[in-house]
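Heads up: the structure comes next, in structure tokens.
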Amino acid sequence: MSLALENISRNVPAQNTGGTGDHILVTDRANVTAIPAPATTGTLEAAGAIASTAITLAASTSWRRLEVTLDKGGITSEPLGGRDHTTFRNTATVMSAGNNAQKVGFANFVANRDLIVLVPERNTGLYRLFGSLTDPAHIKPASGTGEGPEGANEARWVIESIGRMPRYVTGTVTVGP
């Protein structure tokens, strides 16, 4: 089935605030039993908007919430490959002020782990889905203590996935304890 192109207006939003929200949601790739394929009937469907309830987690598993600093992150998608074989390297960078044992433990836990990650856009309020069942996301943790009182004492995480641009997730996502 081919994509039906549609007219796309300029439609400048009244509020055009970039960046990411104040948290991310993370689960192990092994916890996810289903992520629906995107529809390909129109440009909005090709963006891959899917309902949060369509992402199925295994019994007794849940999303975990990591609080991050509002407006200290962003999402980018870089094309990889050439004509007729383009895919995307999707990256979300988020930051959290200060380091502590819990953040260092999280960094050690997610390093080299297959994950599915939801990152909220500040502008739309919708999550973007990083990772798939066949190509999970990875988080590259980094932290720094800053240089003096003016320096950034922060924990920073770079979420990366390869494939389609991260799809939008609509609806409420239930977070575990």
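The values are calculated or read from the model by the stated rules, or taken from the named source; none is laboratory data. Computed from a prediction, not measured in an experiment: that's the story for all the values here. With ideal geometry, Cβ positions are generated from the backbone for all residues, glycine too; neighbour counts draw on all protein chains shown. With ligands, DNA and RNA removed, areas are computed over all heavy atoms of the protein, side chains included. Shrake-Rupley method; radii C 1.70, N 1.55, O 1.52, S 1.80 Å.
Beyond 20 Å, what share of the Cα-Cα pairs of the chain remains, rounded to the nearest whole percent?
Percentage above 20 Å: 56.
How large is ³J(HN,Hα) for each residue in the stretch 87-97, as worked out from phi by the Karplus curve 6.51 cos²θ - 1.76 cosθ + 1.60 (θ = phi - 60°), to whole Hz, x for Gly and Pro?
9, 10, 9, 9, 9, 10, 10, 10, 9, 10, 5
Relative to the longest principal axis of the C-alpha atoms of the chain, give the angle of the C-alpha long axis of helix 101-110, reported between 0 and 90° and rounded to the nearest 10°.
Approximately 40 degrees, to the nearest 10.
Can you pull the one-decimal nm distance between simple spin-label points at LEU80 and SER60, each 7 Å off the Cα toward Cβ?
Between LEU80 and SER60, the label points sit 3.5 nm apart.
Taking H as built 1.01 Å from N, whose amide H comes closer than 5 Å to the amide H of ILE50, not counting residues under 5 places away?
TYR168, VAL169, THR170
Whose amide H sits under 5 Å from the amide H of GLY98, counting only residues 5 or more places off or on another chain, with H placed in the peptide plane?
ASN153, GLU154, ALA155
Which ³J(HN,Hα) values in Hz, rounded to whole numbers, follow from the phi angles of the stretch 159-175 under the Karplus curve 6.51 cos²θ - 1.76 cosθ + 1.60, where θ = phi - 60° and Gly and Pro get x?
So the J values, rounded to whole Hz, are 9, 9, 9, 10, x, 5, 4, x, 6, 7, 10, 9, x, 7, 9, 8, 9.
Using a/c under 1.5 as the rounded threshold, could you call the stretch 107-162 rounded, prolate or oblate? The axes a ≥ b ≥ c are square roots of the C-alpha gyration tensor eigenvalues, and prolate needs a/b larger than b/c, oblate otherwise.
oblate
Measure off, as a whole percent, the carbon and sulfur share of the 1.4 Å-probe accessible area of the chain, all protein chains present.
Using a 1.4 Å probe with all protein chains present, the chain comes out at 52 percent carbon and sulfur.
With each pseudo-label sitting 7 Å past Cα toward Cβ, what's the ILE162-GLU150 distance in nm, one decimal?
It works out to 4.1 nm between the two label points.
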